[in-house]
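Data first, discussion second: the structure below is written as structure tokens.
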Amino acid sequence: MKFNLFTLIFLMATLSYVVTLLWLNVRQNKAVAKSFDAVPVEFQEKITLDQHQKAAQYTQAKLTVNHFEVIFSTVLLLAWTLGGGLNALDAFWLAQTSDALYQGVGFVLSLMIIGSLIDLPFSIYRTFGLEAKFGFNKMTPGTFITDSAKELVLMLVIGVPLIGAILWLMNEMGEYWWAYVWLVLTSFSLLMFWLYPTYIAPIFNKFKSLDNLELKAKIDNLLTRTGFKSDGVFVMDGSKRSSHGNAYFTGIGKNKRIVFFDTLLEGMEDKEVEAILAHELGHFHHKHIRKHMISSFAISLLALALLGYLITQLWFFNGLGIETASNHTALVLFMLTLPVFSFFISPISNALSRKHEFEADSFAAKHTHADDLISSLVKLYRDNASTLTPDRLYSAFHDSHPSASIRINHLKK
Ligand SMILES: [Zn+2]
């Protein structure tokens with residue numbers, strides 16, 4: 001191996017990445033432990049000490065798992081790169097065929113399969129250990145297996161042709177391949193946004209229209225009042241996998257949908273559901289989804305242009321443990337190591353996302369009642385066992401939503 005200065009930079013970035021993640025976990029753990037004995041004053045009427053302590057224990061249990069995962073995945077990253085894992089896998093594919101496209105697809109696909117197999121025990125533990133222990137898991141081993149099989153089929157049917165197309169463009173399009181790849185990726189994600197609600201999501205879940213007619217009338221009224229045109233409001237059988245509740249907004253153009261998990265509707269009053277819907281409509285009204293899409297397309301263009309430069313630099317390959325420079329190894333090295341560097345800008349994107357949450361909350365307060373949104377949020381925190389007392393710095397790096405008390409104080413204004 002010809003390690004170089006870039007190896008050192010990569011090692012230092014990885015080290016600061018891991019240390020920061022673990023340090024944030026420790027801070028979060030302390031913040032949760034500190035408030036363990038008492039429910040924060042503003043929640044005392046709505047959340048019992050038992051519920052509060054369950055949230056604390058659940059948060060701490062997740063942190064412990066994460067601590068282990070961070071260390072494990074870093075060791076794995078170093079083993080793949082500097083340890084020569086990718087180099088060995090690449091050498092294997094180079095020996096199988098002389099066709100660059102087959103080498104590349106084989107390399108990326110085998111790496112993805114190995115990665116999923118390594119992640120499998122973690123995924124099983126998270127579902128049947130951690131989530132089950134706190135009473136959230138509703139998934140049977142049968143569902144787990146069919147889900148994994150469906151994901152594998154989707155990866156083969158959609159993922160492999162996409163990887164093939166990207167590698168082909170990289171091989172054939174010359175110096176500015178990255179602009180072509182960007183066009184393909186952007187069109188692909190727009191297509192997926194459009195297809196997802198009607199064709200992909202139903203592979204995993206059942207969607208039906210609201211059967212509560214009184215609530216449906218209120219919702220239709222809210223949709224008309226706010227001028228929102230969509231494919232409709234749907235209820236999803238989230239209870240098939242977990243008792244965690246959620247609501248989301250999906251799709252583009254006329255294919256937009258608002259989806260409520262059945263687990264969220266359970267225990268919410270109609271006016272609370274209406275307030276949550278108004279929040280989601282606030283995201284639409286302020287064009288948050290569009291802004292988010294445009295900025296992610298811009299970022300991916302910059303990233304691809306950067307890769308377009310790195311791919312011509314031998315130090316990039318050698319510094320990360322690869323002997324034979326090729327398009328497919330460059331692509332994989334870039335994808336694997338990018339999070340180590342980009343992690344440090346996550347507080348910026350989270351701050352932006354929190355700003356959007358405040359805007360959506362204000363919109364909901366204007367079109368429904370702030371009190372209803374507050375009570376629905378408190379129920380969501382309670383039922384999902386989310387901590388009410390996160391550490392500020394941990395939150396800045398990890399949370400796309402404002403913490404409970406900040407968000408509720410904002411709504412009270
Ligand atoms: Zn939101």
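Descriptive notes on the structure:
- Checking the cross-link pairs Lys379/Lys413; Lys229/Lys291; Lys133/Lys355 against a 25 Å limit on the alpha carbon distance flags Lys133/Lys355 as lying beyond it.
- CD proxy at 222 nm, helix term only [per DSSP H run n ≥ 4: -39500 (n - 2.57); per residue of the chain; nearest 500]: -22500 deg cm²/dmol
- Carbon and sulfur %, accessible surface of the chain computed with the full protein complex present, 1.4 Å: 66 percent
- Of Phe317, Asn327, Leu277, farthest towards positive along the dipole that unit charges on Lys, Arg, Asp, Glu beta carbons give the chain: Leu277
- Between 0 and 90 degrees, the angle of helix 288-310 with respect to the longest Cα principal axis of the chain falls at about 10 degrees.
- Prolate/oblate/rounded label for the stretch 198-262 (Cα gyration tensor, a/c 1.5): oblate
- Accessible area expressed per residue, the stretch 18-81, with surrounding protein chains retained (probe 1.4 Å, Å²): 56 Å²
- The value of relative contact order for the stretch 1-131, using C-alpha pairs under 8 Å at least six residues apart, is 19 percent.
- Solvent-accessible heavy-atom area per residue, rounded to whole Å², over the stretch 192-246 at 1.4 Å: 56 Å²
- Alpha-carbon Debye profile of the chain, log10 I(q)/I(0) at 0.11 Å⁻¹: -1.01
- Where labels lie 7 Å past Cα in the beta-carbon direction, separation of Asp237 and Ala217 in nm: 3.0 nm
- Whole-Å distance, taken between Cα centres, linking the stretch 97-135 and the stretch 197-250: 31 Å
- Tilt relative to the chain, helix 141-154 - C-alpha long axis, 0 to 90 degrees, to 10: 50 degrees
- Count Lys and Arg as plus one, Asp and Glu as minus one, and take only other residues whose Cβ is under 12 Å from that of Gly232; the net charge is then +4.
- Based on alpha-carbon atoms, the Kirkwood radius and the radius of gyration of the stretch 200-310 give Rg/Rh equal to 1.08.
- Annotation: peptides 62-73, 208-219, ranked by per-residue average of other Cβ atoms within 10 Å with the highest first, follow the order 62-73, 208-219.
- Hydrodynamic radius of the stretch 67-226 per Kirkwood, over alpha carbon pairs, in Å: 19.9 Å
- Within straight-line reach of Lys150, meaning a Cα separation under 18 Å, sit the following lysines at least 8 residues removed in sequence or on another chain: Lys206, Lys240.
- Charge tally in the Cβ shell below 13 Å around Met268, where Lys, Arg are +1 and Asp, Glu are -1, Met268 excluded: -4
- Measuring nothing but how far apart in sequence close Cα pairs (under 8 Å, 6+ apart) lie, relative to its length, the chain scores a relative contact order of 25 percent.
- The angle separating the long axis of helix 49-80 from the principal Cα axis of greatest extent in the chain is about 10 degrees.
- Dimensions (Å) - the stretch 370-413, Cα atoms, principal axes, largest first: 29, 25, 15
The values are calculated or read from the model by the stated rules, or taken from the named source; none is laboratory data. All values reported here derive from a predicted model rather than from experimental measurement. Because the Cβ atoms are built from the backbone with ideal geometry, glycine has one as well, and the counts that use them run over all protein chains shown. Just the protein is used for accessible areas: all its heavy atoms, side chains included, with ligands, DNA and RNA removed. Shrake-Rupley method; radii C 1.70, N 1.55, O 1.52, S 1.80 Å.
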